[in-house]
Amino acid sequence: MKLQQLRYIRAVAQQDLNISATAKSLYTSQPGISKQIRLLEEELGLEIFTRRGKHLTEVTPVGKIIIDLARDILHRVEGIKQAADEFRDETAGSLLIATTHTQARYALPDAITAFIERYPRVSLHIHQSSPVQIAELAARGEVDFAIATEGLELSSDLVVLPCYNWNRSIIMLENHPLAETPQLSLEELAEHPLVTYMFGVTGRSKFDEAFQREGLSPRVVFTATDADVIKTYVRLGLGIGIIAGMAYDAEQDVGLVALDARHLFTPSTTMIGCRRGTFLRGYMYDFIELFAPHLHRQLVDDVFAASSSSTVDALLADIDLPVH
């Protein structure tokens, strides 16, 4: 059994069993991948993939277990390399972050700017996606950190830490009939068409919970993953927008007004997640602290070492999260 074979079966699974796409992603040949997978199957005495002719059709039940174990092994191998890199040169490397548009556009720029100034030889990559996909990427070890508001806590493969709390703003055209209302109610909002985030994105669950508690059915006419897209359609007169408060800028969002919605919705918490067992290099600790200053190195280590969720809760209980 070779590490290369484990990399091949992991990559094939990630590429939806498309060997051609896998070969391109790994800069190798299709026959080479097929041969190594066959050799591994022969060594194990079972099939990892079922086939129709030359094409892989699905992962066998035992194949799923083997691929999961391969991911764990390769993740540990990567940890060994990172440990060696840390002692060889702690100022160079790479950092891969998966996050949502809202975090990338409004929450991360200051931390990233400071990080690049401190570590100019670290290559930083941002992958924008949905919270579910972000969590999966981090759980598989394909990115170092996942940053999102929804979904990360659902993955048992991730260590998750709270970064900051935030709430919402109600945005509308300057001439909208509700623009001068000092404090809007959910009942008033429910009477108008609304434009907001898609389900499962950027704290949308808190939006739905608020209306459900009051027995109201909001008239959501348009949803998007991107606050800038929501603002675009509010400008077109499609409805009232409900977005993260940090996504509104009075200077840039000309023609729109924003009303505070903290009295209507409970706060959401943005989290940072990392696969369990990850070896954190020095600059990775620094990135976490630049983004969330209360998450200092000792606290991060203590949470990673915690053996139960109750221990994690106790470690984080006294943190006073900043509000964005």
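None of the figures in this text is laboratory data; all of them are computed from the coordinates on show. No experiment lies behind these values; they were computed from the predicted model shown. Here Cβ is always computed from backbone atoms with ideal geometry, including for glycine, and neighbour counts include all displayed protein chains.
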Within the chain, what's the longest stretch lacking trypsin sites (Lys or Arg not before Pro) that sit in DSSP loops with no more than 11 other Cβ atoms inside 10 Å?
122-324
Selected from ALA138, ALA148, ALA314 as most flexible by GNM, with the chain as the system and alpha-carbon contacts under 10 Å
ALA314
If you restrict to DSSP beta bridges whose two residues both lie in the chain, what percentage is antiparallel, to the nearest 5?
55 percent
If you take the square roots of the eigenvalues of the alpha-carbon gyration tensor of segment 46-119 and sort them as a ≥ b ≥ c, do you get rounded (a/c under 1.5), prolate (a/b over b/c) or oblate?
oblate
For LYS24, which lysines qualify as cross-link partners when the Cα separation must be under 27 Å and same-chain residues fewer than eight apart are set aside?
LYS2, LYS35, LYS54, LYS64, LYS81
Going by a ≥ b ≥ c, the root eigenvalues of the Cα gyration tensor, does segment 147-245 fall in the rounded group (a/c under 1.5), the prolate group (a/b larger than b/c) or the oblate group?
prolate
Hey, for a label at HIS324 modelled as a point 7 Å past Cα toward Cβ, could you say which residues of segment 236-272 have their backbone N under 13 Å away?
244-248, 268-272
Output ³J(HN,Hα) for segment 90-107: one whole-Hz value per residue in order, computed from phi by the Karplus curve 6.51 cos²θ - 1.76 cosθ + 1.60 with θ = phi - 60°, and x for Gly and Pro.
7, 9, 10, x, 9, 9, 10, 10, 9, 7, 8, 4, 4, 5, 5, 7, 10, 9
For segment 19-36, Karplus-derived ³J(HN,Hα) couplings (6.51, -1.76, 1.60; θ = phi - 60°; whole Hz; x for glycine and proline) come out as 5, 4, 5, 5, 4, 5, 5, 9, 6, 9, 9, 4, x, x, 5, 4, 5, 5
Within straight-line cross-link reach of LYS206, lysines at Cα separation under 22 Å, skipping those fewer than 8 residues along the same chain
LYS231
Karplus-derived 3J(HN,Hα), 6.51/-1.76/1.60, for each residue of segment 302-319, Hz, glycine and proline x
5, 5, 4, 7, 4, 9, 8, 5, 5, 5, 4, 4, 5, 5, 9, 4, 8, 6
Interchain or long-range residues, amide H under 5 Å from ILE240's placed H:
LEU194, VAL195
Test of understanding: in a Gaussian network model of the chain with alpha carbons linked when under 10 Å, which of PRO218, PRO61, PRO267 would top the mean-square fluctuation ranking?
PRO61
What's the magnitude of the charge dipole for the chain around its Cα centre, counting Lys and Arg as +1 and Asp and Glu as -1 at the beta-carbon? Answer in Debye, nearest 20.
1540 debye
Quick shape check on segment 1-96: root eigenvalues a ≥ b ≥ c of the Cα gyration tensor, a/c under 1.5 is rounded, otherwise prolate if a/b tops b/c, else oblate, and it reads prolate
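Quote the FRET efficiency, to the nearest 0.05, computed for GLU142 versus GLU180 with a Förster distance R0 of 30 Å and r equal to the Cβ-Cβ distance.
0.05
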